[in-house]
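Heads up, the thing below is written out as structure tokens.
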Amino acid sequence: DQRPRLLEVGAINRQLLTVPWLNTRAIDIRSSDEGIEKRDFLDLCLQSEEADRYHITVCSMVLNCVPSAKDRGRMLKGLSRVTRASGLVFIMIPRRCIYQSHNMCLCRWQKCLEAASLRTLHMEETPKIAFFVCQRAVSQSAVAIDTEGSQRSSCPVCSSRNSKKRGPVDFGIDEWNT
């Protein structure tokens, strides 16, 4: 099959499965649809046969549903791991995960993407959702992240926030920063 391989993580419908020019695999941890494979992405991304397998990976409104910061970090790294070098990763998350969190801001989110070997090619926002089109780096080298938060103090958005309005969103970079 010569069609580009696409992995949809957290599929809630069969929309991408119907695109004839894509070879789509749709997974969800709680799937009840016969066309969507019931599978935990955190287990799948560790399998050696899944590494560098997909041209395109889509993760829409899933990262924010992962309960632990460590697993959110693992998921971000896993999205990069299963995507081929120079492949595309589409990530959609609620804007509040970036802008209303005491542990996250846009500059720190970008550092998390870089640490996962993902480079942002394009970003768009609606009042509620942030959309990122990322490209996986050719080599997956680790990028150090300042876990003490000093980059947050230099970020005008972060330094001007009222901490009482922020929620507890983090990506566990302390646990996977190697």
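The values are calculated or read from the model by the stated rules, or taken from the named source; none is laboratory data. Predicted model only: the values in this text are computed from it and were never measured. All Cβ positions, glycine included, derive from the backbone under ideal geometry; neighbour counts span all protein chains shown. Quick note on the areas: whole protein, heavy atoms, side chains included, nothing else; ligands and nucleic acids left out. Shrake-Rupley method; radii C 1.70, N 1.55, O 1.52, S 1.80 Å.
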Count of segment 45-75 residues which are over 19 Å from ALA11 (Cβ atoms) and open to solvent by less than 20 Å² (accessible area, probe 1.4 Å)
1
Mind checking which pairs have a first residue in segment 1-20 that is closer than 13 Å to ARG53 by Cβ and a second that is basic (Lys, Arg) and surrounded by 12 or more Cβ atoms within 10 Å (Cβ to Cβ), Cβ under 9 Å, 6 or more apart or different chains?
ARG5/ARG25; ARG5/ARG53; ARG5/ARG84; LEU6/ARG25; LEU7/ARG25; LEU7/ARG53
